[in-house]
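**Q** Structure below; questions to follow.
Since every read-out is calculated from the coordinates, none of them should be taken as a lab result. Worth saying up front: this structure is predicted, and the values here are computed from it rather than measured. Here the Cβ positions follow ideal geometry from the backbone for every residue, glycine too, while neighbour counts run over all protein chains shown.
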Amino acid sequence: MKKIIAVDGPAGAGKSTVSKIVAARLGYTYIDTGAMYRAVALKVLQSGEPLSESLVGNVDISLDEAARVFLDGREVTKEIRTPEIGLGASDVAKVAYVRKKLTQLQRDMAAHGKVIMDGRDIGTQVLPNADLKIFLTASVEERARRRLDELTAKGLQADFANVVKEISLRDKQDTEREIAPLAQADDAVLLDSTSLTIEQVVAEILRLAKD
Ligand code: CDP
């Protein structure tokens, strides 16, 4: 069984949904690195100050077994799931000292194996020696539909055109940035989930993780 699984891909491809299920089935820990960038964005927003190395230097971010997110000791799991914080995360994610700090934290979290970690640069930068790398994608319309459903289910206001705009902007920023851009690792398996169910994607990852 593969001990370290890396899942990368654009916004709304289903990375966190399928990674959580795979983690539960294998008894692995799920690590949502996007939540960590979102937490930094929230910290900046709440501080009322511009992003600085000292603000990030002493940030305390942790995830628990239930994938709850804590920022400086306070639970922020729900608060970080807004489109604004998504874009804010994409902004702070361009900055070298932010990536350095979070990459180190993420490597420490994966040190004992039996983890599935999702993000943008896991297979290329954070865990280049991962035993299995997946690049999960879907068409932008399908990803926007999924994100809209998620937001509406949480009682948040959103409309399709705005969600398409937000994820397209984030994809562009994430793909074009200089440091650790969103990219498929050479040894990653490409999975297009546009017309696959969650269970089909999970089954394929479990099959690939088996040997
Ligand atoms: O869940 P969703 O796909 O919308 O995004 P996310 O995984 O929560 O990530 C939010 C943002 O954080 C992304 O748009 C990236 O800019 C950034 N990120 C990153 O740069 N590197 C990672 N390993 C994970 C997220």
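**Q** In the range 125-211, if every C-alpha pair distance is counted and binned at 10 Å from zero, what percent goes to each bin?
**A** Going out from 0 Å in 10 Å bins, the range 125-211 shows 15, 36, 36, 13, 0 percent.
**Q** Give me D for the range 1-85 in µm² s⁻¹, whole number, from Stokes-Einstein with Rh from the Kirkwood sum over alpha-carbon pairs, 10 °C and 1.306 mPa s.
**A** 112
**Q** When averaged across all projection directions, what area in nm² does the alpha-carbon convex hull of the chain cover?
**A** If I average the Cα hull's projected area over directions, I get 11.0 nm².
**Q** I'd like the distance separating the alpha-carbon centroids of the range 88-125 and the range 132-181, in whole Å.
**A** 19
**Q** Something else about it: Mean projection of the alpha-carbon convex hull of the range 72-126 over all orientations, in nm²?
**A** 4.8
**Q** Cut-off is 10 Å between beta-carbons; in what order do Y37, Y30 appear when sorted fewest neighbours first?
**A** Taking fewest neighbouring Cβ atoms as first place, the list is Y30, Y37.
**Q** Would you mind giving the three semi-axes, in whole Å and largest first, of the ellipsoid equivalent to the range 20-139 according to its Cα gyration tensor?
**A** Working through the eigenvalues yields semi-axes of 24, 15, 14 Å.
**Q** Rank these for me by crowding, V164, V76, going from fewest to most other beta carbons within 10 Å.
**A** Least crowded to most crowded, the residues run V164, V76.
**Q** What's the exposure ranking of D192, D121, going from fewest to most Cβ atoms within 10 Å?
**A** Fewest to most other Cβ atoms nearby, the residues stand as D192, D121.
**Q** If you don't mind, another one. For the range 129-171, how big is the tail of P(r) above 15 Å, as a whole percent of Cα pairs?
**A** Tail of P(r) above 15 Å: 48 percent of Cα pairs.
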